[in-house]
Structures are given as C-alpha cells and as structure tokens.
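A.B. asks: Could you have a look at this structure, given as structure tokens, before my questions?
The values are calculated or read from the model by the stated rules, or taken from the named source; none is laboratory data. From a predicted model like this one, the values you see are computed outputs, not experimental measurements. Don't worry about glycine lacking a Cβ; one is built from the backbone with ideal geometry, like all the others, and counts go over all protein chains shown. With ligands, DNA and RNA removed, areas are computed over all heavy atoms of the protein, side chains included. Shrake-Rupley method; radii C 1.70, N 1.55, O 1.52, S 1.80 Å.
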Amino acid sequence: MLPRFIGSEIYRLPVFKPPHPLAVPRAMLAADLCAALGWLPDAQYEDSPAASIAELCRFHTPDYVEALAQAEQNQDLPEQKRQKYRIGADANIIHPAVFRRPATSAGGALLAAELTARGGIVHAPGVGNHHGRPARASGFCFVNDIALGILRWRELGVRRIIYLDLDAHHGDGVEDSFSADSDVLTISVHEAGRWPRTGVCSDPARGIWNFAVPPGFNDSELLLLLEEKILPLIRAFQPDAIFLLPGADALADDPMAKLALSNNAIWDAVRAVKGLAPRLVVAGGGGYNPYALARCWAGLWAVLNAFPIPETLPKAALDVLGGAKYFRAAGRNPPAHWLNTLRDAPLPGAVRDEVKAMIL
Ligand SMILES: [Zn+2]
C-alpha cells in the first residue's frame with residue numbers, strides 16, 4: 001500500500017483568533033505544501049471522516065461528548081459544565097467547530113488505524129491531541145484522537161503498540177490511557193519543567209518511558225537518545241504498530257517551547273522508526289509557527305515516501321509559504337529559510353550531561 005495522507009478542509013476554518021496559539025494555518029498548510037511539490041496525488045490523499053458519537057464514546061464519557069456537542073450548538077456552556085469538563089475554560093475555547101473539528105481529527109485517527117490494519121503507513125497531521133482525557137479537555141485537546149486510534153487498532157487485532165511522542169509537551173493523556181495495558185508502551189520526549197509538568201519519571205514496569213530533556217535540546221542530543229535508548233526499547237518490544245507524534249513545537253523556530261531541534265532531527269527520527277513495525281501512523285501534534293510546522297510535516301511526508309528533499313522549492317511551493325499568515329511579531333518579517341526552503345540548517349551541539357544520564 002502506498003502511504004496515505006489524511007486531511008480535512010475543516011482544519012482550514014479560522015476558528016481560533018489571535019493571540020490564541022492555534023490561530024495559524026497548520027495541517028492543511030502542510031498538505032498544500034505537499035501538493036505544490038507534486039507529492040499528493042489523489043490516490044494517496046484521504047479526506048478525514050468525522051467520528052460518530054458512539055465512536056467518540058469508545059474513549060470519552062457520553063456526558064462529556066454531549067457537553068462538547070452542546071458547546072458547539074449553543075456556542076456556550078453553563079458555568080458548572082465549563083468547570084467540570086474544562087470546555088470554555090483554560091485556553092480550550094468554545095469556537096464554531098468545537099465539536100466537529102475534534103470529531104474529525106478523531107475520525108482521521110480511526111481511519112488511519114483502519115487503513116493500516118494489515119500494514120502500511122499513514123500521515124495524519126490533523127491528528128495529535130495527546131492531552132485529551134475521557135471527561136475533560138486539556139491543553140487545546142477536546143478529544144484524545146490518538147487513544148481512539150490505538151483502541152481501533154486493538155479492535156482490529158493489532159496487539160503490541162508503541163506510542164512515541166516527540167512533542168515538546170509530555171504526552172500525558174495517552175500515557176494515562178494505556179498505563180495499565182502491558183501491550184502498549186508509551187515513550188515521551190519533552191521539555192523538562194514545561195506544562196503540564198508531568199512525565200518526570202519513567203515506570204518501565206507499566207510500559208511508561210519519559211525523557212524530560214533540558215531547554216536547548218539539540219539535534220545531536222535527540223539522535224543520541226534515539227540511537228542509544230529509544231530505538232533499542234522499540235526493537236526489544238517487537239511492536240506490531242507504532243503511533244508517532246512528531247510535534248513541531250520542539251523545533252528551534254517554535255514560539256512556545258525552548259527546545260532547539262532542526263527539522264532534520266525529526267525526519268531522522270521518523271526514518272529510524274519507519275522500519276521497526278509493519279504499521280506506522282505519523283500524526284501532527286503541537287507546533288505554533290506555521291512555516292516551521294508545515295515545512296517539517298511536508299518533509300516528513302517525503303521521508304515516509306522516500307522522496308528526496310529538494311534543496312530549492314518550485315514556485316508553487318514558494319507561493320504556499322509566502323501566502324501563509326503568522327500573527328506573531330516574527331511573522332511580519334519572516335527569515336528567508338521559513339519562506340524558501342524545506343530543510344532547516346542542522347542544529348547539532350554538545351551532548352550535555354543531563355542527556356547522557358538519561359541514556360545510562
Ligand atoms: Zn506540544
């Protein structure tokens with residue numbers, strides 16, 4: 001099976017307004033960039049269905065799903081429900097597609113699991129709400145599409161599953177969901193001390209591995225951590241499937257976190273993981289600089305298809321990047337590499353003692 005790319009026009013709706021961090025083009029900017037590069041023939045593009053209420057309730061509680069639907073319908077929610085479900089609380093704003101959009105990312109995760117039931121590769125950059133809880137929104141995540149995708153794999157007979165999370169934030173919602181399941185190993189690499197400030201320790205007996213890395217985490221450090229620790233863990237587990245959350249907020253160009261990766265490191269990680277299981281779903285996740293995330297995720301799609309990364313971009317791709325809107329100050333005068341390349345300059349560096357200690 002050719003790798004499939006799952007997207008949806010719903011991700012283009014400008015439901016978030018500045019200064020909300022998600023008020024930037026994301027999954028479909030990556031899709032547009034892939035299309036401009038000639039990498040998205042119809043045979044490889046899948047439109048994401050929306051998950052049904054019953055499908056959402058495989059992970060979420062019925063009362064929570066009902067509250068989310070009510071929030072969209074009324075564009076409001078009673079205070080007591082806001083407090084209980086954190087919908088319309090924190091930065092989990094009630095917006096015009098607050099039910100349909102997460103239901104679509106959940107549907108995308110279910111489709112990804114189904115498309116790969118017998119093996120294969122899917123990239124679903126609109127999927128990746130790793131903080132979602134059964135009855136609570138958290139960290140802009142109204143559903144846990146990843147957990148739903150993993151559960152779908154289980155229903156389809158896929159047994160041993162690795163969840164690898166490279167997002168700058170701890171993959172707390174997914175970790176909690178599967179901590180009692182010895183057939184799911186969760187591995188999260190995230191910035192130490194950053195929200196939600198969990199994921200400090202590993203618990204190998206429960207299949208939980210956490211690497212809380214220091215600010216400034218560079219390409220050399222990620223690659224060494226992968227080679228020496230994470231890839232051996234994955235190989236020893238002999239997974240039937242891998243669900244990878246690349247994130248794009250661990251990139252040096254991201255405004256929200258303080259990690260310092262170039263997109264080369266993320267692509268190398270994907271390349272390394274690709275052959276370790278017969279099924280691979282690569283989602284999206286965080287990422288709040290549209291140029292950095294679209295270039296990262298488009299390049300990742302190239303890696304999954306073994307397309308060479310072009311050193312210069314054709315006009316159609318330059319037009320996609322040039323047309324993107326970024327509300328932050330840096331968006332007023334973007335550096336050249338955000339607009340005219342796919343590949344970042346590599347960001348190697350010294351491997352610090354904190355990172356060496358994680359490997360030993
Ligand atoms: Zn994140």
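A.B. asks: Just subtract the alpha-carbon distance of residue 16 and residue 306 from 0.36 nm times their residue separation and send over the number in nm, one decimal. Intermediate values should be presented prior to the final figure.
C.D. replies: Values: separation 290, 0.36 × 290 = 104.40 nm, distance 3.43 nm.
Full-extension gain reported as 101.0 nm.
A.B. asks: Rounded to whole Å and sorted largest first, list the principal axis extents of the Cα atoms in the range 172-313.
C.D. replies: That works out to 47, 35, 25 Å along the principal axes.
A.B. asks: Still on this structure: Work from the charge dipole of the chain (Cβ charges, +1 for Lys and Arg, -1 for Asp and Glu, about the Cα centre) and give the residue of 261, 83, 210 farthest towards its positive end.
C.D. replies: Going by the Cα projections, it comes out as 83.
A.B. asks: Between beta-carbons, use under 12 Å as the cut-off and find the net charge around residue 103, counting Lys and Arg +1, Asp and Glu -1. Mind dumping the intermediate values first?
C.D. replies: Numbers: positive: 100, 101; negative: 55, 72, 145.
Neighbour charge sum, excluding residue 103 itself: -1.
A.B. asks: Could you work out how far the C-alpha centroid of the range 228-262 sits from that of the range 88-158, in angstrom?
C.D. replies: Result: 18 Å between the Cα centres.
A.B. asks: How much net charge surrounds residue 251 when only the other residues with a Cβ under 13 Å from the Cβ of residue 251 are counted, with Lys and Arg +1 and Asp and Glu -1? List each step's numbers first, then the result.
C.D. replies: Details: positive: 258, 295, 343; negative: 167, 191, 219, 249, 253, 254, 344.
Combined, the nearby Lys, Arg, Asp and Glu give -4.
A.B. asks: So if I place +1 on the C-beta of Lys and Arg and -1 on the C-beta of Asp and Glu, and nothing else carries charge, what would the dipole magnitude of the range 63-176 be about its Cα centre? I want it in debye, nearest 20. Please list the in-between numbers first.
C.D. replies: Details: 13 positive and 14 negative charges, 56 e Å.
Computed about the Cα centre, the dipole is about 280 debye.
A.B. asks: Report relative contact order for the range 290-360 in percent, whole number only (criteria: Cα-Cα under 8 Å, sequence separation at least 6). Don't skip to the answer; put the middle values down first.
C.D. replies: Numbers: 40 pairs, mean separation 29.8, N = 71.
With pairs under 8 Å counted, the relative contact order is 42 percent.
A.B. asks: From largest accessible area down, sort 354, 221, 311; use a 1.4 Å probe on the protein chains. Walk me through the numbers before you get to the answer.
C.D. replies: Values: 354 95, 221 0, 311 125 Å².
Largest accessible area first, the list is 311, 354, 221.
A.B. asks: Ok, one more. With every protein chain present, what is the per residue accessible area of the chain (1.4 Å probe, Å²)?
C.D. replies: On a per-residue basis, the chain sits at 38 Å².
A.B. asks: Can you give the % of DSSP beta bridges in the chain that are antiparallel, to the nearest 5?
C.D. replies: Details: 4 of 33 bridges.
Taking every DSSP beta bridge within the chain, about 10 percent pair in antiparallel fashion.
A.B. asks: Here is a further query. In a shell of Cβ-Cβ distance under 10 Å around residue 342, excluding residue 342 itself, what net charge do Lys and Arg (+1) and Asp and Glu (-1) give?
C.D. replies: Value of the local net charge: 0.
A.B. asks: Would you compute, for the Cα atoms of the range 160-232, the largest minus smallest coordinate along each principal axis and list the three values in descending order, in whole Å?
C.D. replies: 33, 27, 16
A.B. asks: Also, I was wondering about something else. Would you work out which of 70, 193, 282 lies farthest towards the positive end of the dipole of the chain? Charges go on Cβ: Lys and Arg +1, Asp and Glu -1.
C.D. replies: Result: 70, furthest along the dipole toward the positive end.
A.B. asks: For the pairs 17/81; 17/258; 17/84, note any where the Cα-Cα span goes beyond 26 Å. Don't skip to the answer; put the middle values down first.
C.D. replies: Values: 17/81 23 Å; 17/258 24 Å; 17/84 24 Å.
None, as every Cα separation is 26 Å or less.
A.B. asks: Would you mind classifying the range 96-209 by shape? Square roots of the alpha carbon gyration tensor eigenvalues, ordered a ≥ b ≥ c; an a/c under 1.5 is rounded, otherwise it is prolate if a/b is larger than b/c and oblate if not. Spell out each step's value before the answer.
C.D. replies: Numbers: a/c = 1.84, a/b = 1.11, b/c = 1.65.
Oblate.
A.B. asks: Percent of accessible area on the range 215-360 owned by carbon and sulfur, 1.4 Å probe? Present the calculation step by step, with values, prior to reporting the outcome.
C.D. replies: Numbers: 3220 of 5580 Å².
Accessible surface attributable to carbon and sulfur in the range 215-360 totals 58 percent.
A.B. asks: Using alpha-carbon pairs under 8 Å, 6+ residues apart, how would you state the relative contact order of the chain in percent?
C.D. replies: Numbers: 762 pairs, mean separation 67.8, N = 360.
Relative contact order of the chain: 19 percent.
A.B. asks: At 0.692 mPa s and 37 °C, plugging the Kirkwood radius over alpha-carbon pairs of the range 244-304 into Stokes-Einstein gives what diffusion coefficient in µm²/s? Write down the numbers at each step before the final one.
C.D. replies: Numbers: Rh = 11.6 Å.
Translational D for this selection: 284 µm²/s.
A.B. asks: Per 5 Å bin, what is the whole-percent P(r) computed from every C-alpha pair distance within the range 284-360?
C.D. replies: Reading upward from the zero bin: 3, 13, 20, 20, 15, 12, 9, 5, 3, 0.
A.B. asks: Tell me, what does the Kirkwood hydrodynamic radius of the range 42-125 come to in angstroms if you use every pair of distinct C-alpha atoms?
C.D. replies: Values: mean 1/r = 0.0714 Å⁻¹.
Here the Kirkwood hydrodynamic radius works out to 14.0 Å.
A.B. asks: Rg(Cα) of the chain divided by 2.2 N^0.38 Å?
C.D. replies: Numbers: Rg = 18.9 Å, N = 360, 2.2 N^0.38 = 20.6 Å.
Expressed relative to 2.2 N^0.38 Å, the Cα Rg reads 0.92.
A.B. asks: Given only helices, namely DSSP H runs of n ≥ 4 each adding -39500 (n - 2.57), what is the per-residue ellipticity at 222 nm of the chain, to the nearest 500 deg cm²/dmol? Mind showing how you got there, number by number?
C.D. replies: Working: 14 runs with 130 residues, N = 360.
Value at 222 nm, helices only, nearest 500: -10500 deg cm²/dmol.
A.B. asks: Which value, in Å³ per residue, describes the convex hull spanned by the Cα atoms of the range 3-75? Don't skip to the end; give the middle numbers.
C.D. replies: Details: hull volume 9.5 nm³, N = 73.
Spelled out: Cα convex hull of the range 3-75, divided by residues, is 130 Å³.
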